Amino acid sequence: MQQTDTPERFRRRAIQPEEAQQAILDHIRVLGAETVSLHEAWDRHLAEALIAPHPFPPFRRSGMDGYAVRTADLEHARPDGQAELAVLENLPGGTEPKHPIGPGQASRIMTGGMVPEGADAVVMLEMTSPGEREGRAYVEIGKSVPRGANISEIGSEIREGEKLLPAGQRIGAGESAVLASCGCARVAVSRRPLVAILSTGSELLEVDEPLAPAKIRNSNSPMLAALVREFGAEPMLLGKVPDEAEAAGKLVRGTLAECDLLLTTGGVSVGDYDVMVDILAQPDVKLLFNKIAMRPGSPTSAALFGDKLVLALSGNPGACFVGFHLFAVPALRRMLGMERPLHPSFTACLGEDFPKVNAYRRYIRASAEIRDGQVWVTPTGDDKSSLMTTIVGADCLIEIPPLKEGLKRGHPVKAWKISR
């Protein structure tokens, strides 16, 4: 059914991308927490900061296989005048020393072993000559070493009470190691946001449907589902709805009761059948914005249905991809409690000429590489918003400011890292 034109469809005030991002973040809350095992916590986000419950290492620890010694006994050691020390005991990892080190004494120790009292250095095994005389072990050392050599002191890596990881930190390999070292067998993590994904358009087919005249397969929903997973959330695929406002509106309202965020694609422009425009214009809906001064995806819109956010992205795959990174990612990161919700930016050299003139800021799908110590960013292809092939291999977005003339290869540009 054809939709009736409304004045709002054409009366739109374009806001800057930063304003749109802030408008979204102002209405996003951090989700609740759940406790999982350390094994299950990988790739989740900490719900609370990790404070070290004890120092690490918790004892003076050897960094080498060798001998724990007093450096005073080695002051005059040299290759032709070696110091000879009596060996008290062997100290493999996990063994508590029985004897302190006194003058003229040493203990053989393995990497990670507990350094005995009295020792102030560990001499690596390769610098020693062990022996035995009259049933007693000894070691000869022909070189002096500085105090503290090859010893990790108590708390040298982690101090008790130190803030190790902030709330919102993604738990990867390093974070898992830190959590394990602090005895965190169970970890409080943020609940994964549940993100519903809905594509609008009577021209859309499902992936498994055969092509038909004037029809295309729905590529946006699988793309968004992959992106949602990549950024720590769970997708809920709703499929597609035709260009019929009543059916689409009923589905939107029913879905919002179950999800934390609803992403829609298509139906946000000024066409006769752009149903999301009519849905977002309902009197009980708080419209945050319906136009952004950017390319691609200027009709990107956001609104609140009660306390639930609906982010309406462009139906063009390239614009949908850009819109997700600029506006959905900050929302998801804020839900997960991350301190920095926006993608980080960096300065790079433009990898090829960009001749287009821009009235608005433009965000170009690109890939980054290091050449001779310099970061270069090169578009992955034509930056038309309708293209999906340029998404493949894109790991950053090049930001091109409004210009009256194009940019030459090598010109410094701002870019945004979009990989997780």
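The values are calculated or read from the model by the stated rules, or taken from the named source; none is laboratory data. Bear in mind the structure is a predicted one, so any value in this text is a computation, not a measurement. Positions of Cβ are backbone-derived with ideal geometry, glycine not excepted, and every protein chain shown enters the neighbour counts.
Listed values, structure above:
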| quantity | calculated |
| --- | --- |
| Some residue of the range 115-134 being touching a Lys or Arg at 6+ places or on another chain (Cβ under 6 Å) and polar (S, T, N, Q) | no |
| Qualifying residue in the range 99-114 (condition: modelled with pLDDT of 95 or more, under 21 Å from residue 157 (Cβ atoms), in contact with a Leu (Cβ under 6 Å, 6 or more places away or on another chain) and of a type in the set (Gly, Ala, Ser)) | yes |
| Test result for residue 321, of a type in the set (Phe, Trp, Tyr) and under 28 Å from the mean Cα position of the chain (by Cα) | yes |
| Residue in the range 232-251 that is assigned to a loop (DSSP other than H, G, I, E, B) and within 26 Å of residue 392 (Cβ to Cβ) present | yes |
| So residue 388, is it in contact with a helix residue (DSSP H, G or I) (Cβ under 6 Å, 6 or more places away or on another chain), in contact (Cβ under 8 Å) with a residue 24 or more places away in the chain and under 21 Å from residue 313 (Cβ atoms) | yes |
| Selection from the range 215-231 of residues that are surrounded by 18 or more Cβ atoms within 10 Å (Cβ to Cβ) and not in a helix (DSSP H, G or I) | 218, 231 |
| Residue ranges of strands (runs of 3 or more DSSP E) in the range 310-388 with at least 3 members of a type in the set (D, E, K, R) | 361-371 |
| Which numbered condition residue 72 misses (of (1) in a helix (DSSP H, G or I); (2) touching a residue at least 60 places away in the same chain (Cβ under 8 Å)) | (2) |
| The lone exception for residue 48 - which of (1) surrounded by fewer than 17 Cβ atoms within 10 Å (Cβ to Cβ); (2) not small (Gly, Ala, Ser); (3) not in a loop (DSSP other than H, G, I, E, B) it fails | (3) |
| Residue 386 vs. criteria touching an Asp or Glu at 6+ places or on another chain (Cβ under 9 Å), among the polar types (S, T, N, Q), in the same structural domain as residue 412 (by TED's automatic domain parsing) and surrounded by fewer than 20 Cβ atoms within 10 Å (Cβ to Cβ) | no |
| Residue within the range 308-315 that is within 30 Å of the chain's Cα centre (by Cα) and on the phi > 0 side of the Ramachandran plot present | no |
| Single condition residue 360 does not satisfy, out of (1) within 24 Å of the chain's Cα centre (by Cα); (2) surrounded by 14 or more Cβ atoms within 10 Å (Cβ to Cβ); (3) of a type outside the set (Gly, Ala, Ser) | (1) |
| Failed criterion for residue 83 (all others in (1) over 30 Å from residue 181 (Cβ atoms); (2) modelled with pLDDT under 95 hold) | (2) |
| Residue 314 vs. criteria polar (S, T, N, Q), under 19 Å from residue 418 (Cα atoms) and buried (at least 17 other Cβ atoms within 10 Å of the Cβ) | yes |
| Residue list for the range 367-406, filter: of a type outside the set (D, E, K, R) and over 25 Å from residue 320 (Cβ atoms) | 370, 373, 374, 375, 376, 406 |
| Condition broken by residue 220, with the remaining ones in (1) among the polar types (S, T, N, Q); (2) over 20 Å from residue 322 (Cα atoms); (3) touching a Cys at 6+ places or on another chain (Cβ under 9 Å) satisfied | (2) |
| Residues of the range 173-208 classified as within 18 Å of residue 320 (Cβ to Cβ) and at pLDDT 95 or above, total | 3 |
| Which listed residue, of 412, 402, 344, is over 18 Å from the mean Cα position of the chain (by Cα), surrounded by fewer than 18 Cβ atoms within 10 Å (Cβ to Cβ) and at pLDDT 95 or above | 412 |
